[in-house]
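Okay, so here's the structure we're looking at.
The values are calculated or read from the model by the stated rules, or taken from the named source; none is laboratory data. Predicted, not measured: the structure shown is a model, and the values here were computed from it. Backbone-built Cβ (ideal geometry, glycine too); neighbour counts: all protein chains shown. For the accessible areas, the whole protein counts, side chains as well, though only heavy atoms, and no ligand, DNA or RNA atoms are used. Shrake-Rupley method; radii C 1.70, N 1.55, O 1.52, S 1.80 Å.
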Amino acid sequence: MAAKARAVNLLRAASGASCRCPAHSGGLHYPVTSTPVRYAADTKNTDYAFEMACSNIRFGEGVTQEVGQDFANMNAKKVGLVTDKNISKLPVIQTVLDSLTKNNVKFDLFDDVTIEPTDVSFKKAINWAKKGGYDSYLAVGGGSVMDTCKVANLYASDPEADFMDYVNAPIGKGLPVTVAVKPLIAVPTTAGTGSETTGVAVFDLKDLKAKTGIGSRAIRPLLGIVDPLNVMTMPNRVAAYSAFDVFCHALESYTALPYNQRSPRPTNPHNRPAYQGSNPISDVWARQALRMCGSYMIDSINSTNNFEARKQMCAASAFAGIGFGNAGVHLCHGLSYGISGNVRSYHAADYPTEKALVPHGLSVVITAPAVFKWTAPACPDRHLEAAQILGRDTTNDKLADAGAV
């Protein structure tokens, strides 16, 4: 009981700390009660409802070639296409360009996205978007590209806004998004961030040397086109760190404090955060993502030619994104921003070498063993169930063993 109280108290402290995960911590957005009872009524002070929202998802081998028809169907006049210089050299971009051209869709290309973006790189994309006058957007790339495109769309749709207006509190003002943003289609090329399903955009604030973000359901993509062909070009380390992110998204959202342990209860549904804590619907997606990680993660990393494994992890990324996009995550992600924000000289294999960086998935998974050992007493049944889903025989394991397992 003492260990359980310590774990819950730590999660409660994280919910009020200025260093909490700035973009994924919606499950801890408000202070919580000290006794997490899974989905049972608590008091009149805690929430009693949760909301489920995500982007539309289209999944299938070769489905990227349909994107031009999507923009033609929405009568798009001028599309802002966002990618990075590495992705622009890969076959996926040619597929996209051919589809847009074939369907007579006009577009401009922005390929100056920074991997692990900063406020400086975001502002460069914002200025480009403001000048372009686009009525829709297309992001083709990993989480950095999709996040950059979301932010460019937001600030071009609200050109008078100050950059810090929408940055999450306490670093920024954390204002709600009330402007109508333009339609955005996302085509992920990594199997990790799940950014095609969420209204989250994460970046480094250079002056503070800290990670923060912008989070709002309003900026999530209209459609995520998840094509497993696009993840076959991921090198080994990119595949590994992306898979770690999927795993942590799924397990953190599944072990997050429940939605009905968050207080105070919002007086207006508009004030209910996007990331609300674990809930019965997010649990379905998280469990399935964990199941797919247990079956395919290792093979997807070790073999770039294993199409089935890469395909399944591509789906798992979207599934986990739907789960954490409504439940939120917790300490692994919260701690990761201190790790990545303070990097000075580390250069990860298979990543661009022009700047030091710790890839997001690596910064998240580094603390995972310690985090889940610590949080296990708060919901040992869920930790053991996750271990079983991942392949462990838990027949003889006790609840007290959940952290070590």
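Is there any pair linking a residue in region 290-313 that is in a helix (DSSP H, G or I) to one that is among the basic types (Lys, Arg), with Cβ under 7 Å and at least six apart or on different chains, and which? Note: pairs meeting the criteria are 300/310. Applying the set (1) in a helix (DSSP H, G or I); (2) under 21 Å from residue 229 (Cα atoms) to residue 84 leaves exactly one unmet item: (1). Quick one: is residue 240 under 29 Å from residue 367 (Cα atoms), open to solvent by less than 50 Å² (accessible area, probe 1.4 Å) and among the small types (Gly, Ala, Ser)? Yes: the conditions hold for residue 240. Is there a residue in region 73-81 that is in contact with a Pro (Cβ under 9 Å, 6 or more places away or on another chain), among the aliphatic types (A, V, I, L, M) and either part of a loop (DSSP other than H, G, I, E, B) or touching a residue at least 60 places away in the same chain (Cβ under 8 Å) (or both)? Yes.
Just one of the listed residues (216, 242) is among the polar types (S, T, N, Q), at pLDDT 95 or above and out of contact with any Phe, Trp or Tyr (no Cβ under 6 Å at 6 or more places or on another chain), and it is 242. Is one or more of the residues making up region 310-323 farther than 24 Å from residue 255 by Cβ, touching a Ser or Thr at 6+ places or on another chain (Cβ under 8 Å) and crowded, with 24+ Cβ neighbours inside 10 Å? Yes: one or more hits.
Of all residues in region 325-354, those that are surrounded by fewer than 17 Cβ atoms within 10 Å (Cβ to Cβ), without any contact (Cβ under 8 Å) to a residue 60 or more places away in the chain and part of a loop (DSSP other than H, G, I, E, B) total 5. Only residues that are assigned to a helix (DSSP H, G or I) and either more than 16 Å from residue 137 (Cα to Cα) or open to solvent by 30 Å² or more (accessible area, probe 1.4 Å) (or both) were counted across region 151-197, and they come to 3.
Return the residue satisfying two criteria in turn: it lies in region 355-394 and is outside any loop (DSSP other than H, G, I, E, B) and among the acidic types (Asp, Glu), and of such residues it is surrounded by the fewest Cβ atoms within 10 Å (Cβ to Cβ).
The initial filter retains those residues of region 355-394 that are outside any loop (DSSP other than H, G, I, E, B), namely 357, 360-365, 368-378, 380-389.
Pick out the ones that are also among the acidic types (Asp, Glu) and you get 381, 385.
On the way: 381: 11, 385: 17.
This residue is 381.
Looking only at region 66-78, which residues are open to solvent by less than 10 Å² (accessible area, probe 1.4 Å) and over 24 Å from the mean Cα position of the chain (by Cα)?
Within region 66-78, the subset open to solvent by less than 10 Å² (accessible area, probe 1.4 Å) is 67-68, 71.
68, 71 - these are the residues of region 66-78 that are open to solvent by less than 10 Å² (accessible area, probe 1.4 Å) and over 24 Å from the mean Cα position of the chain (by Cα).
Counting just the residues of region 273-308 that are of a type in the set (Gly, Ala, Ser) and either at pLDDT below 95 or surrounded by 24 or more Cβ atoms within 10 Å (Cβ to Cβ) (or both), which one comes out nearest to residue 227 (Cα to Cα)?
Initially, region 273-308 is screened for residues of a type in the set (Gly, Ala, Ser), giving 274, 277-278, 282, 286, 289, 294-295, 300, 303.
Right, trim to either at pLDDT below 95 or surrounded by 24 or more Cβ atoms within 10 Å (Cβ to Cβ) (or both) and you get 274, 277-278, 282, 286, 289, 300, 303.
Values: 274: 26, 277: 29, 278: 28, 282: 23, 286: 20, 289: 17, 300: 15, 303: 18 Å.
Ranking the qualifying residues of region 273-308, first place goes to 300.
Among the numbered conditions (1) aliphatic (A, V, I, L, M); (2) in a helix (DSSP H, G or I); (3) in contact with a strand residue (DSSP E or B) (Cβ under 8 Å, 6 or more places away or on another chain), the only one that residue 320 does not meet is (3).
The number of residues in region 144-189 that are under 29 Å from residue 358 (Cβ atoms) and hydrophobic (A, V, I, L, M, F, W, C) comes to 14. For region 243-256, filtering for residues that are of a type in the set (S, T, N, Q) and open to solvent by 10 Å² or more (accessible area, probe 1.4 Å) leaves 0. Looking across region 257-272, the residues that are surrounded by 24 or more Cβ atoms within 10 Å (Cβ to Cβ) and part of a helix (DSSP H, G or I) come down to 259, 260, 261.
Regarding residue 253, is this residue farther than 20 Å from residue 388 by Cβ and in contact with a Phe, Trp or Tyr (Cβ under 7 Å, 6 or more places away or on another chain)? So that I can check it myself, show each step before the final result.
On the way: farther than 20 Å from residue 388 by Cβ: no; in contact with a Phe, Trp or Tyr (Cβ under 7 Å, 6 or more places away or on another chain): yes.
No: the conditions fail for residue 253.
Among residues of region 123-139 being small (Gly, Ala, Ser) and in contact with a Gly (Cβ under 7 Å, 6 or more places away or on another chain), the one that is surrounded by the most Cβ atoms within 10 Å (Cβ to Cβ) is 129.
The sole residue among 106, 89, 85 that is farther than 30 Å from residue 234 by Cβ and out of contact with any Ser or Thr (no Cβ under 7 Å at 6 or more places or on another chain) is 106. Number of residues in region 89-122 that are touching a residue at least 40 places away in the same chain (Cβ under 8 Å), crowded, with 16+ Cβ neighbours inside 10 Å and assigned to a helix (DSSP H, G or I): the value is 6. Scanning region 395-405 for residues being part of a loop (DSSP other than H, G, I, E, B) and either hydroxyl-bearing (Ser, Thr, Tyr) or open to solvent by 100 Å² or more (accessible area, probe 1.4 Å) (or both) gives a total of 3. Could you tell me whether residue 286 is touching a Ser or Thr at 6+ places or on another chain (Cβ under 8 Å), in a helix (DSSP H, G or I) and aliphatic (A, V, I, L, M)? So residue 286 fits the description; yes.
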